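Please read the structure below before turning to the comments.
What follows is calculated from the coordinates using simple rules that are stated; it is not laboratory data. It should be emphasised that the depicted structure is a prediction, and the values quoted were computed from it without experimental measurement. Because the Cβ atoms are built from the backbone with ideal geometry, glycine has one as well, and the counts that use them run over all protein chains shown.
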Amino acid sequence: MPMLTADTIQPTPSNFAVAESGLLQQTGGQEVLWVGRAATALQVAYEMAKVRRPDVTEPEVIVPAMMCATAANTAVLTGMKPRFADVGADSGLITLESVQERFSAKTVAVVAIHLLGHTVAMDALKQWCDENNLLLIEDPTQALGAKFSDGRYTGSVGDVAVYSFNRTKIIEAGNGVLVVNSAEMTDLLEQVLAEKSLSVLQLSPDETAQLGLSYRNLHHSLVGLLRMRAVSVADVSAGFMRVQPAFLPMYTRAANPDIDLNTAWETLPQMLAQRLLLAEGYAERLEGGAWQLLTGFRQSGVCWRFSLLLHDERNQVTFSEAVRRDGFHVSNLYWPVNQFFRPEDSCPGADSFGRRIVNLWVDPRVPGVDEAYVERCCDS
């Protein structure tokens with residue numbers, strides 16, 4: 001099984017073997033490609049989609065409007081145009097119908113992201129993608145180890161699956177991976193690796209941190225302005241797109257061969273159980289408040305963040321800041337990324353979701369986050 005390094009393809013190191021075996025067992029996959037981050041895996045997947053459809057000269061990929069910007073950024077940097085499918089206002093997930101609304105003769109791929117531990121309805125989407133000769137890219141990063149109602153794992157339905165094991169993820173040991181789920185996809189991957197020149201970079205930790213901090217500061221500043229409706233969405237999009245090339249090194253990264261992914265995978269069941277325990281603690285204590293609880297983790301078995309949707313979007317900032325001042329971790333991710341890349345792809349469901357979402361921590365690796373923390377946070 002290969003690993004993409006700064007200048008060549010190398011065999012997978014033994015300290016990845018347990019994680020690799022586990023991923024292949026969960027997905028039924030046939031091959032993996034280890035890379036530095038999921039964005040690099042997406043880059044490879046997008047190249048696979050383009051090679052698979054040489055008849056399309058200006059290829060487009062349909063991505064969810066509710067996600068981090070990586071899938072769209074990588075599409076732009078790979079020479080593809082991202083189109084944005086709306087999500088359910090109360091789920092944050094794409095549907096077959098919202099994807100179909102963005103379909104055109106230029107579409108070559110669809111990205112389905114399982115958000116916050118909640119799972120997309122994949123079977124109908126996969127059937128439709130097959131009927132229209134589209135590559136279905138599944139991203140189970142926030143639902144690693146989650147199951148559909150029939151017992152299959154996330155990552156097992158798409159033509160390929162993309163995972164991140166970097167910071168804030170369920171496994172955060174480092175690196176990313178592309179899993180290919182059929183012999184056809186394995187052949188396509190080998191063709192892309194043989195024919196395409198992938199500009200994989202190896203930044204120093206300081207350079208990576210500095211670039212990432214610059215991007216996060218830019219993103220959060222713009223989101224703050226958009227949330228207040230203080231600037232034109234079109235102006236934000238135009239400026240954001242102009243600076244995208246500066247962040248190219250963030251998205252094309254070689255794998256780090258020294259990371260111990262085996263231990264991270266072996267402790268995954270315990271990690272998921274602890275997250276579920278904390279999520280249930282929130283759910284029991286916060287029932288009946290001025291919000292809707294997102295409890296899809298009860299069906300999937302995985303919780304990335306415990307999330308609630310405020311009934312009144314006007315309270316999102318003041319509510320979150322009040323809880324944060326009391327000493328608790330709070331985030332309001334994500335913001336609709338169509339507003340950065342393509343505002344004309346109207347996504348009212350994503351706009352509603354982004355203006356109401358509040359995420360609370362269930363990660364036991366964060367110092368102090370335990371059952372007592374959850375109880376105090378709920379009291380706050």
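Top mean-square fluctuation among Leu333, Leu211, Leu134, Gaussian network model of the chain, C-alpha springs under 10 Å?
Answer for the Gaussian network model of the chain: Leu211.
Restricting to DSSP loop positions (anything but H, G, I, E, B) with no more than 15 other Cβ atoms inside 10 Å of their own Cβ, which GluC sites (Glu not before Pro) remain in the stretch 140-225?
Numbers: sites: Glu172, Glu184, Glu190, Glu195, Glu207; in loops: Glu172.
Hits after loop and neighbour filter: Glu172.
Taking only C-alpha pairs under 8 Å that are 6+ residues apart, what is the relative contact order of the stretch 2-195 in percent? Don't skip to the answer; put the middle values down first.
Values: 386 pairs, mean separation 49.0, N = 194.
RCO, the stretch 2-195: 25 percent.
Roughly speaking, what is the stretch gain from Ala121 to Ala105, that is 0.36 nm per residue apart minus the C-alpha to C-alpha distance, in nm to one decimal? Let's see the in-between values first.
On the way: separation 16, 0.36 × 16 = 5.76 nm, distance 2.37 nm.
Here the answer is 3.4 nm.
Pairs of Cα atoms under 8 Å, at least six residues apart: use those to get the relative contact order of the chain, whole percent.
Details: 748 pairs, mean separation 86.0, N = 380.
Computed value for the chain: 23 percent relative contact order.
Please identify every one of the trypsin sites (Lys or Arg not before Pro) in the stretch 219-288 that sits in a loop by DSSP and has no more than 14 other beta carbons within 10 Å of its own beta carbon. Provide the component values of the computation, followed by the final result.
On the way: sites: Arg227, Arg229, Arg242, Arg253, Arg275, Arg285; in loops: Arg229.
When the trypsin sites (Lys or Arg not before Pro) of the stretch 219-288 are filtered for loop state and at most 14 Cβ neighbours within 10 Å, Arg229 remain.
For the stretch 177-195 and the stretch 225-248, write down the distance between their C-alpha centroids in whole Å.
Using only Cα atoms to place each centre, the spacing works out to 35 Å.
Please compute, over every Cα-Cα pair in the chain, the percentage with a separation greater than 28 angstrom. Walk me through the intermediate numbers first.
Working: 31047 of 72010 pairs.
It works out to 43 percent of all Cα pairs.
Can you list the lysines whose alpha carbon sits under 19 Å from that of Lys106, skipping same-chain ones fewer than 8 residues off?
Hits, sequence-local ones excluded: Lys50, Lys81, Lys126.
Divide by every residue of the chain the summed helix terms, -39500 (n - 2.57) for each DSSP H run of at least 4, and state the resulting mean residue ellipticity at 222 nm, rounded to the nearest 500 deg cm²/dmol.
Numbers: 16 runs with 163 residues, N = 380.
So the calculated ellipticity at 222 nm is -12500 deg cm²/dmol.
Note down the relative contact order for the stretch 1-88 as a percent, whole number, built from C-alpha pairs under 8 angstrom at least six residues apart.
23
Kindly provide the GluC sites (Glu not before Pro) of the stretch 283-380 that DSSP labels as loop, not H, G, I, E or B, and whose Cβ sees at most 16 other Cβ atoms within 10 Å. Mind dumping the intermediate values first?
Details: sites: Glu284, Glu287, Glu313, Glu321, Glu344, Glu371, Glu375; in loops: Glu287, Glu344.
In loop regions of the stretch 283-380 (DSSP not H, G, I, E or B), the sparsely surrounded GluC sites (Glu not before Pro) are Glu287, Glu344.
Could you work out how much longer the chain between Leu24 and Ala322 gets when fully extended? Use 0.36 nm per residue separation minus the Cα distance between them, nm to one decimal. Write down the numbers at each step before the final one.
Values: separation 298, 0.36 × 298 = 107.28 nm, distance 4.38 nm.
Working it through step by step, the gained length comes to 102.9 nm.
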